[in-house]
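Report on the following structure.
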Amino acid sequence: MKIESIQLKHISIPLKKTFKTALRTVDSAEDTVVLIHTDDGYTGFGEAPPTKAITGETNESIRAAIRDYIAPAVTGADVTNLEAVQEKLQNCIEGNFSAKAAVDMAVYDLLTKSMGVPLYKYLGGYRNKVETDITISINEPEEMEADAVSACRKGFSALKLKVGIDAEKDVERVRRIRNAVGDRMKIRLDANQGWEVDEAIRTIRKIEDMGLDIELVEQPVKARDFEGMKKVKDNVNTVIMADESLFSPQDALKLLQMQAADLLNIKLMKCGGIYNALRITAIAETYGVECMLGSMLESKISLTAAAHLAAAKRIITRVDLDAAILLAEDPVSGGFHKEVPWFYLDESPGLGITDVIGMKDI
Ligand code: MG
């Protein structure tokens, strides 16, 4: 099963509602789709979204990295020699993790198709379903409350509130939403690096003092400020999760050696795909630290790859793959089957994706 060619396409999917965080505002997913064709007639599917505010990548950079560096490096390689393919893929260019992730997942799709097994079984097969939380974009407190109540009615059991623009108002956001949704709903906060260190400590302590019962706070401070993250963790009772601080397995090791985070949020687009995500889960498991599997604004192609990984690994105990629910359309046939808030995987080999409609040539 040798890689014969890599084809790049564009996919555009509108969002049901504008997505707003402390870092960016987005109205549609505009992603690069990767199709890897093999000499024996198989096609593997992959996808990368441009998330320049987080990974520094644009569609142009993703496509150039694949076309000019990754494709020449892996063409002709046999996907059943996974380690050799990954050596070429991960080392042909520095950085460009989303571009690498798109190719990595297509390689795993092909490898497990060749074996006739679903990807999650190959990766560990711990479960065949995962439950996602739902993100509430950062808006005025009243609007966020209405969105939270609506999510509650749809059957979600965990909300992820985007905060981090105005600490005073953030406390008000959490207070209103906790009052509106009741005690049983899990509430996670994601500040997307929006707070200063002391501000984060003050704000989280205030939320604790008000008894608002927050499950975790994601990325309270700047991505590269590991010391600041540790200071926040050491000065609050609430669980702190690293997201933008964690790209590589090396980041995971450093964060855990420093005891700077209680939980890790793994995203395929930050770490370069499933191969490196598995290295992060191994480190986390060694330290006894649980992981979340998150995503960017992605379509069901790469979300299915993430769902397979999350289902496969015991140490991945939280799932934030709600992009599938935030998008207004689903052009992907096959992949996971969605019954909100659950995503189910079946026994189809590989990712189980059979077709993607509406892709444009680039
Ligand atoms: Mg986050």
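The values are calculated or read from the model by the stated rules, or taken from the named source; none is laboratory data. All figures in this text were calculated on a predicted structure; none of them were measured in a lab. Cβ coordinates were reconstructed from backbone atoms using ideal geometry, including for glycine residues, and neighbour counts include every protein chain displayed. Just the protein is used for accessible areas: all its heavy atoms, side chains included, with ligands, DNA and RNA removed. Shrake-Rupley method; radii C 1.70, N 1.55, O 1.52, S 1.80 Å.
Run a plain Debye calculation on the stretch 1-88 (Cα atoms as equal point scatterers, no solvent) and give log10 I(q)/I(0) at q = 0.15, 0.21 Å⁻¹, rounded to two decimals, same order as the q list.
-0.65, -1.00
Along the positive direction of the dipole of the stretch 54-147 (beta-carbon charges: Lys, Arg +1; Asp, Glu -1; about the Cα centre), which of L111, A71, T135 reaches farthest?
Projecting each Cα onto the dipole axis, the largest value belongs to L111.
Between their Cα atoms, which of K52/K162; K121/K162; K16/K254; K222/K360; K100/K338 are more than 30 Å away from each other?
Violating the 30 Å limit, Cα to Cα: K121/K162; K16/K254; K222/K360.
What is the percent of Cα-Cα separations in the stretch 211-362 that go past 20 Å?
The share of Cα pairs beyond 20 Å in the stretch 211-362 comes to 52 percent.
Taking K169 as the anchor, which lysines have their alpha carbon closer than 19 Å to its alpha carbon, excluding any fewer than eight residues away along the same chain?
Hits, sequence-local ones excluded: K20, K160, K206.
Can you find, among L309, Q86, L263, the residue farthest towards the positive end of the dipole of the chain? Put +1 on the C-beta of Lys and Arg, -1 on that of Asp and Glu.
L263
With every protein chain present, what is the per residue accessible area of the chain (1.4 Å probe, Å²)?
38 Å²
Using only the alpha-carbon atoms, what does the chain span along each of its principal axes? Please give whole angstrom values in decreasing order.
Rounded to whole Å, the extents work out to 62, 40, 37 Å.
For T75 and E87, compute 0.36 nm times the residue count separating them, minus their Cα-Cα distance, and round to one decimal in nm.
Taking T75 through E87 to full extension adds about 3.0 nm, to one decimal.
Rounded to a whole number of µm²/s, how large is the Stokes-Einstein D of the stretch 89-211 at 25 °C and 0.890 mPa s, given Rh as the Kirkwood radius over C-alpha pairs?
Translational diffusion coefficient: 140 µm²/s.
Assign unit charges at the C-beta atoms only (+1 for Lys and Arg, -1 for Asp and Glu), then state the dipole size of the chain relative to its Cα centre in Debye, rounded to the nearest 20.
The dipole magnitude comes to about 400 debye.
Using a simple charge model, +1 on the beta-carbon of Lys and Arg, -1 on the beta-carbon of Asp and Glu, nothing else, what dipole does the stretch 113-155 show about its Cα centre, in debye to the nearest 20?
In debye, rounded to 20, the stretch 113-155 gives about 740.
Sequence gap at least 6, Cα distance under 8 Å: using those rules, report the relative contact order of the chain to the nearest whole percent.
That works out to 21 percent.
Let's see if you can work this out: charge +1 on each Lys and Arg Cβ, -1 on each Asp and Glu Cβ, no other charges. What is the dipole magnitude of the stretch 201-353 about its Cα centre, in debye to the nearest 20?
With Lys and Arg at +1 and Asp and Glu at -1, about 560 debye.
What would the Debye formula give as log10 I(q)/I(0) at q = 0.11, 0.15, 0.18 Å⁻¹ for the alpha-carbon point model of the stretch 5-159, no solvent?
After summing over all Cα pairs, the log10 values are -0.57, -0.92, -1.11.
If you roll a 1.4 Å probe over the chain with all protein chains in place, what percent of the accessible area is carbon or sulfur?
Carbon-and-sulfur percentage of accessible area, whole number: 46.
Using only the alpha-carbon atoms, what does the stretch 252-341 span along each of its principal axes? Please give whole angstrom values in decreasing order.
Largest first, the stretch 252-341 extends 42, 23, 20 Å along its Cα principal axes.
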